[in-house]
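Chemist: This structure is in C-alpha cells; I'll ask about it shortly.
The values are calculated or read from the model by the stated rules, or taken from the named source; none is laboratory data. Small disclaimer: the values here were computed from a predicted structure and weren't measured. For neighbour counting, all protein chains shown are included, and Cβ atoms are generated from backbone atoms with ideal geometry for every residue, glycine included. For the accessible areas, the whole protein counts, side chains as well, though only heavy atoms, and no ligand, DNA or RNA atoms are used. Shrake-Rupley method; radii C 1.70, N 1.55, O 1.52, S 1.80 Å.
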Amino acid sequence: MNAVYLAAQDPTLADFGKDPWWLVLGKIVFAFAFGLLATLLGVWFERRVVGRMAVRPGPNQVGPFGLLQTLADGLKMAFKEDILPRAADKVVFFFAPTISVISAVTALSVIPFGPKVSIFGHWTPLQVTDVSVAVLVILACSSMGVYGIVLGGWASGSTYPLLGGLRSSAQMISYEVAMGLSIVAVFMTAGTMSTSGIVAKQANGTQLSIGGFDLPTPGWYAILLLPSFIIFFIAMVGETNRAPFDLPEAESELVAGFMTEYSSLKFALFMLSEYVAMVTMSAVTTTLFLGGWRAPWPITLWSGANEGWWPMLWFFGKVILLVFVFVWLRGTLPRLRYDQFMRFGWKVLLPINLVWILVLAGLRSIEDWQTRDRLLVTAIGAGVLLLATLFWPSRKKQPTPPPQEQVDSRPYGSFPLPPMDLQVPPSPRTRRVVAEREPANVVAGSESREV
C-alpha cells in the first residue's frame, strides 16, 4: 500500500481532465488567489527588505508590521482621478494593462504546486492543468505580455509613451530569445516539455561512472545545467523589467516610459502585472531548475518530506527565496545603460547559450559510448575550447593621439577650438566698457562720496 501511495505522488498527463467541475473551479481560484496575494505580499516584502538594506524601517504603520500598506495604496489608486488623454485610442488604452495582467496570471495554470493529493476523496494533482508542451504555454504567455506594453504606449497618443513602449518591447523581445534558448537544455535533458514531467525527472540524480566508481549526481537542473540556469535567471530579470534592468520605467532617463499617460486603476494594473510576472517567473524557475515542489536536501532524508501537503511548503519556500533575490538585486545593483543592456543580451548571453547547447548536444550524443571513449572525447573538446578561448583574436583599442596632434590633423576650415590650456582670454569688449565707465557722484548735502 505504501509503495502504491508513493508511486501516485508524481502526476502524469493521464491524471488531468478527470476532475469534477467544482474541483477544476477551485484550482483556478486557488491559482488566481495565489498570484494576487503573492503580489500584495510581494510589494510589502520588497519595501521591508529594501528598507532593511537601506537602514530605514519601511512600511510599519498601517496594520501589523505594515502588512496593510499595500492594500491602502491600492485603495488610494482606485479613488484617484482616472484621466483619459484626448488623443488616446480609448478601447486599446483600456485593454492594454489587462492584457499584461492576464498574460502573467495565465502562466500559473501549468505550474505544479504539489503532487497528487486527496481533496474531499478525489485524488488530483495540485495543478490546474498540464499539456505535453506546457513550457511553450509559459513562453507564449510571456510573449503576450509584450503586447500590453506596446499597445499601452501606442494607444496613449503621445510621443513619450510611444518611444517608451518601443524601448520596452525591444528589451523584452531581446531577452526572451535568451530565455527560450536556455530552456532548450532542459528539454534535451528531461526529454519532455510537460512541467509535471520535468519536476518528476529531477526527483533522483543520475549515477556517473568514473574509473569504476559510481558517483551520484544531483537531480536539480540548476546544478546539472548551471550555465542554462544562470542565463535563464538573468533573462528572467530582464524580461520582468526588474532592477538593474528596469529600463522601461527608468525615472532618471524617461518620463515614466510607456505608462506616462496612465493613472488610477489602469496604472495599478500595470504595476500589478510587473509583480505578478515576478512571482510567476519565480515559480517557473522553481519548476524548471529547482526540483519544483520536491524538498531540498537534507530535508529529503525524511521519508515523508514529499508526501501529502508538505511539498506545497517547499514550493512556496523556493518561490519566496527567488523573490528575495529579485529584491536583493534591486537594493544593491545600479541601473545599466540601455546600450550596455542590449549589448549584453545579444553579444554575450546569446553566443554563450548557443555554444552551451552545442556542447550539451555533443555530450548527449556520446552517452552510449564506453567510459574511456567518453572521457577522451570530452578532454579533446575541452582542450579545443580552451585553445580557442586563449588565442581568440581580441579587438585592441587604438591609442589616442596627443591633443596637439589631434588639432594639427584637423582639416582646413574646421570650427575654431578654444585654447588648449583651458584659459579663456577676457573679451576685448569687456575691457573697453570698463575703461569707458565714469564714476558716479552722489551729493548729500554739503558732503559727497564716490561710489
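Chemist: Just for the range 191-200: of the residues that are of a type outside the set (S, T, N, Q) and either open to solvent by 10 Å² or more (accessible area, probe 1.4 Å) or not in a helix (DSSP H, G or I) (or both), which one is nearest to Met312 (Cα to Cα)?
Modeler: Ranking the qualifying residues of the range 191-200, first place goes to Ala200.
Chemist: Suppose we keep only residues that are part of a helix (DSSP H, G or I) and of a type in the set (Phe, Trp, Tyr) within the range 54-98. Which one would you say is farthest from Gly152 (Cα to Cα)?
Modeler: Phe65
Chemist: Check Leu181, Leu166 and return the single one that is at pLDDT 90 or above, in a helix (DSSP H, G or I), among the aliphatic types (A, V, I, L, M) and under 25 Å from Pro244 (Cβ atoms).
Modeler: Of Leu181, Leu166, the one residue that is at pLDDT 90 or above, in a helix (DSSP H, G or I), among the aliphatic types (A, V, I, L, M) and under 25 Å from Pro244 (Cβ atoms) is Leu181.
Chemist: Right, another one. From the list Leu322, Leu336, which residue is farther than 26 Å from Pro112 by Cα, open to solvent by less than 60 Å² (accessible area, probe 1.4 Å) and not hydroxyl-bearing (Ser, Thr, Tyr)?
Modeler: Leu336
Chemist: Which one of these is of a type outside the set (Ser, Thr, Tyr), open to solvent by less than 20 Å² (accessible area, probe 1.4 Å), at pLDDT 90 or above and in contact with a strand residue (DSSP E or B) (Cβ under 8 Å, 6 or more places away or on another chain): Pro112, Pro11?
Modeler: Criteria check complete, one pass: Pro112.
Chemist: Answer with yes or no whether Ala96 is surrounded by 18 or more Cβ atoms within 10 Å (Cβ to Cβ), on the phi < 0 side of the Ramachandran plot, of a type in the set (A, V, I, L, M, F, W, C) and in contact with a Ser or Thr (Cβ under 6 Å, 6 or more places away or on another chain).
Modeler: No.
Table: residues versus (1) in contact with a Phe, Trp or Tyr (Cβ under 6 Å, 6 or more places away or on another chain); (2) at pLDDT below 75; (3) farther than 25 Å from Thr285 by Cβ.
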residue	(1), (2), (3)
Trp356	no, no, no
Leu387	no, no, yes
Pro393	no, yes, yes
Glu405	no, no, yes
Ser409	no, no, yes
Tyr412	no, no, yes
Pro419	no, yes, yes
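Chemist: Checking Gly157 against (1) in a helix (DSSP H, G or I); (2) over 24 Å from Pro20 (Cβ atoms): exactly one of these is not met. Which one?
Modeler: Result: Gly157 fails condition (1) only.
Chemist: Within the range 15-48, how many residues turn out to be under 18 Å from the mean Cα position of the chain (by Cα) and among the aliphatic types (A, V, I, L, M)?
Modeler: The number of residues fulfilling the criteria is 2.
Chemist: Return the residue satisfying two criteria in turn: it lies in the range 302-319 and is in contact (Cβ under 8 Å) with a residue 60 or more places away in the chain and open to solvent by 40 Å² or more (accessible area, probe 1.4 Å), and of such residues it is farthest from Val284 (Cα to Cα).
Modeler: Glu307
Chemist: Take the conditions of a type outside the set (D, E, K, R), more than 28 Å from Leu108 (Cβ to Cβ) and in a helix (DSSP H, G or I) and apply them to Gly51. Does it pass?
Modeler: Taking the combined requirement at face value, the residue satisfies it.
Chemist: Taking Trp346 as meeting all but one of (1) open to solvent by less than 90 Å² (accessible area, probe 1.4 Å); (2) touching a residue at least 40 places away in the same chain (Cβ under 8 Å), write down the number of the exception.
Modeler: Unmet for Trp346, out of (1) open to solvent by less than 90 Å² (accessible area, probe 1.4 Å); (2) touching a residue at least 40 places away in the same chain (Cβ under 8 Å): (1).
Chemist: What number of residues within the range 49-78 satisfy the criterion of being in contact (Cβ under 8 Å) with a residue 60 or more places away in the chain and either open to solvent by 40 Å² or more (accessible area, probe 1.4 Å) or closer than 24 Å to Lys266 by Cβ (or both)?
Modeler: 5
Chemist: Restricting attention to the range 360-373, and to residues there that are at pLDDT below 80 and open to solvent by less than 60 Å² (accessible area, probe 1.4 Å), which single residue is nearest to the chain's Cα centre (by Cα)?
Modeler: Ile366
Chemist: Which members of the range 115-149 meet the condition of being assigned to a helix (DSSP H, G or I) and either in contact with a His (Cβ under 9 Å, 6 or more places away or on another chain) or surrounded by 21 or more Cβ atoms within 10 Å (Cβ to Cβ) (or both)?
Modeler: Ala134, Val135, Ile138, Cys141, Ser142, Gly145, Val146, Gly148, Ile149
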